Structure formats: C-alpha cells, structure tokens
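Visitor: Could you have a look at this structure, given as structure tokens, before my questions?
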Amino acid sequence: MDLSTRIKRYRMELKRWLRGLYHGLITHPAYEKIEKEAEDIEDVFMLACFPEVFGIPSPVSYYTAELLPYLEDEFEAWERRMWNRQSLLERKGQQYHF
C-alpha cells in the first residue's frame with residue numbers, strides 16, 4: 001500500500017467522520033426536541049415570574065418586578081408566544097407524534 005492510497009483512505013474516513021459529526025450536532029432531530037423543551041421550561045419560568053400578565057394574582061409580584069430589567073428582551077417575545085401558542089396538549093402531542 002503506497003502513500004497516496006493511504007492518504008485517500010484517510011481523507012475518505014475523515015470526510016465520513018465529519019459528516020457524522022455534522023449530522024449529530026446540527027441536523028439531528030433531537031436538537032429540535034431539546035430546543036422545544038428548553039422553550040417550554042423558559043415559558044414556565046416567565047409565567048411563574050409574571051403571572052399578572054394573564055390575570056393570575058401573584059403575592060410575589062413585588063419581588064419578581066425586580067427581574068424585569070434583566071428579562072425585558074425576552075418578555076415581549078414570550079408574551080407574544082404565549083398568546084399565540086397552541087394548547088399544551090397539542091404542543092406535547094407533537095413531540096410524541098400523537
């Protein structure tokens with residue numbers, strides 16, 4: 001086996017490995033599921049901090065109001081997402097293909 005054959009074989013193996021790495025890190029469907037779950041957890045956190053936006057009284061709203069300057073960038077997008085989102089059952093059903 002000469003050097004050029006070994007280099008070609010190494011390049012093919014490296015290309016196959018990098019394709020698998022790209023698939024696993026970028027295009028794998030689990031990435032989308034993880035992203036949706038993180039979004040759900042963020043929505044729950046924001047709802048726990050600011051329930052009065054939806055008319056739910058909160059005894060700790062005085063303390064959570066201090067978080068508003070830190071969360072103002074996400075607050076408007078979260079509020080829009082909460083008003084436009086599907087029901088929780090529909091959203092969770094999509095994850096499990098119901």
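The values are calculated or read from the model by the stated rules, or taken from the named source; none is laboratory data. Not measured: the values here are computed from a predicted model. So basically every Cβ, Gly included, is an ideal-geometry build from the backbone, and we count neighbours across all protein chains shown.
Visitor: Which one of ILE26, ILE41, ILE34 is among the hydrophobic types (A, V, I, L, M, F, W, C), in a helix (DSSP H, G or I), under 17 Å from the mean Cα position of the chain (by Cα) and modelled with pLDDT under 80?
Guide: Answer to the selection: ILE26.
Visitor: Sticking with this structure for a sec: Of the conditions (1) without any contact (Cβ under 8 Å) to a residue 40 or more places away in the chain; (2) part of a helix (DSSP H, G or I), SER58 satisfies every one except a single condition; which number is it?
Guide: SER58 satisfies all of (1) without any contact (Cβ under 8 Å) to a residue 40 or more places away in the chain; (2) part of a helix (DSSP H, G or I) except (2).
Visitor: Cβ contacts < 7 Å: first residue closer than 27 Å to TYR96 by Cβ, restricted to segment 13-34; second residue of a type outside the set (D, E, K, R) and assigned to a helix (DSSP H, G or I), any location; separation 6+ or different chain. Result?
Guide: Close Cβ pairs (under 7 Å, with a partner that is of a type outside the set (D, E, K, R) and assigned to a helix (DSSP H, G or I)) amount to LYS33/GLN95.
Visitor: Give all pairs with beta carbons closer than 7 Å in which a residue from segment 65-76 that is under 14 Å from GLU52 (Cα atoms) and modelled with pLDDT of 85 or more meets a residue that is β-branched (Val, Ile, Thr) and surrounded by 11 or more Cβ atoms within 10 Å (Cβ to Cβ); count only pairs at least 6 apart in sequence or on separate chains.
Guide: From residues that are under 14 Å from GLU52 (Cα atoms) and modelled with pLDDT of 85 or more, there are no pairs.
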